[in-house]
1. Quick one: 3J(HN,Hα) in Hz for the range 112-121, Karplus 6.51/-1.76/1.60 with θ = phi - 60°, rounded, Gly and Pro as x.
2. How large is ³J(HN,Hα) for each residue in the range 68-84, as worked out from phi by the Karplus curve 6.51 cos²θ - 1.76 cosθ + 1.60 (θ = phi - 60°), to whole Hz, x for Gly and Pro?
3. On a straight-distance basis, which lysines could pair with K75 in a cross-link, Cα separation under 21 angstrom, same-chain partners fewer than 8 positions away excluded?
4. 222 nm [θ] for the chain, helices only, -39500 (n - 2.57) per DSSP H run of 4+, per residue, to 500?
5. Quick one: which residues, 5 or more positions from L114 or on another chain, have an amide H under 5 Å from its amide H? H modelled 1.01 Å from N in the peptide plane, none for Pro or chain starts.
6. With θ set to phi - 60° and the Karplus curve 6.51 cos²θ - 1.76 cosθ + 1.60, what are the ³J(HN,Hα) couplings of the range 32-41 in order, to the nearest whole Hz, using x for Gly and Pro?
7. For G13, list long-range residues whose amide hydrogen, built 1.01 Å from N in the peptide plane, is under 5 Å from its own amide hydrogen.
8. Let a ≥ b ≥ c be the square roots of the eigenvalues of the Cα gyration tensor of the chain; is it rounded (a/c under 1.5), or, if not, prolate (a/b larger than b/c) or oblate?
Amino acid sequence: MKRVMSIATSDSGAGAGIQADLKAFLRCGVYGTTAIVAATAQNTVEVTDIHPFPPEVAVRQIETVVSDIGADAVKTGMLFNAGIISAVAGTIRRLELPNLVVDPVMVAESGAVLLEPEAVGTYREELFPLATAITPNLNEAFALIGEERDESRIEDCARALYELGPRAVIITGGHTESGADLLYDGERFTRIEGPVHAANNTHGAGCTHSSALASFLARGMDLEEAARNARRIASEAVKYGLGEIGKGAGPVHALGAILEGADL
Ligand SMILES: Nc1ncnc2c1ncn2[C@@H]1O[C@H](COP(=O)(O)OP(=O)(O)OP(=O)(O)O)[C@@H](O)[C@H]1O
Ligand SMILES: Cc1ncc(COP(=O)(O)O)c(N)n1
């Protein structure tokens, strides 16, 4: 079984973050491991607290897992501050970890700020150059290049992000008009289309997408095929999203499709 590590933050409500990543790994048929860099006190409505751990806590978890279990791919999620991003980037480089997917989480579905503003430069300078793909949503994509969101300029935005050094950029489509993800590999743009579900239960969609992308890269797919399958898994998880859990945007359900109709 292929091994995929999530380097990210705990969501106590378990809709997003590390918890969503593990569900997505299970869905995608890989063995998931975790390096938890911070804990949030969070539900579907709000984030009431964020507790970042010292950067060396992240480093020790990554080293300890990789020295025994190894990793065929890695995804990063919410990393919160510059010290953590820098330590994670240095460790990924030193251990030469393959197939890195960077999901630059900045704001929660519920509106909470999940990245200290001064950490944007550390993402751009230290982590993006190591990435096989970065997966910002539309808002994050423009924030990362310091511009106002303007969907008509999405291709220019993807080019500017590509110039920072990742091998590919995928701007996810959950907040766009078409609902398509946009893949740019430095040569061409590919629109990753698929069904758009009216569902509001999207908490954790981005985490599910980046975890699925890392899983399919670990399983040996090329980037375009992995991106198509990652959108399929995220979209399916939105379709089966759990509106009855919590009072805010419900958590996605990564296993919804395969559990439907099955006896428990
Ligand atoms: N309503 C929807 N129907 C189908 N697919 C969706 C829907 N919303 C999001 N997706 C898919 O889910 C993935 C994550 O996209 P999105 O742009 O919502 O990321 P995000 O904003 O980072 O997610 P999050 O809700 O976790 O913050 C993408 O592949 C996107 O196409
Ligand atoms: C720990 C953690 N990581 C990521 C997200 C983003 O997910 P969403 O935008 O769906 O709230 C989150 N809310 N919490």
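1. The phi angles translate into 6, 7, 10, 9, 5, x, 6, 7, 4, x Hz.
2. Values per residue, Gly and Pro as x: 10, 8, x, 8, 8, 6, 9, 10, 10, x, 5, 10, 6, 9, 5, x, 5 Hz.
3. K2, K23
4. Values: 8 runs with 90 residues, N = 264.
Theoretical 222 nm ellipticity from helices: -10500 deg cm²/dmol.
5. When sequence neighbours closer than 5 places are left aside, the close amide H contacts are V107, A108.
6. x, 10, 9, 10, 8, 9, 6, 10, 9, 9
7. Residues meeting the amide H criterion: Q42.
8. On the way: a/c = 1.20, a/b = 1.06, b/c = 1.13.
Judged from the Cα gyration tensor, the chain comes out rounded (a/c under 1.5).
Readers should treat all values here as calculations from the given coordinates under stated rules, not as data from a laboratory. Keep in mind it's a predicted model, so treat the numbers as computed, not measured. Don't worry about glycine lacking a Cβ; one is built from the backbone with ideal geometry, like all the others, and counts go over all protein chains shown.
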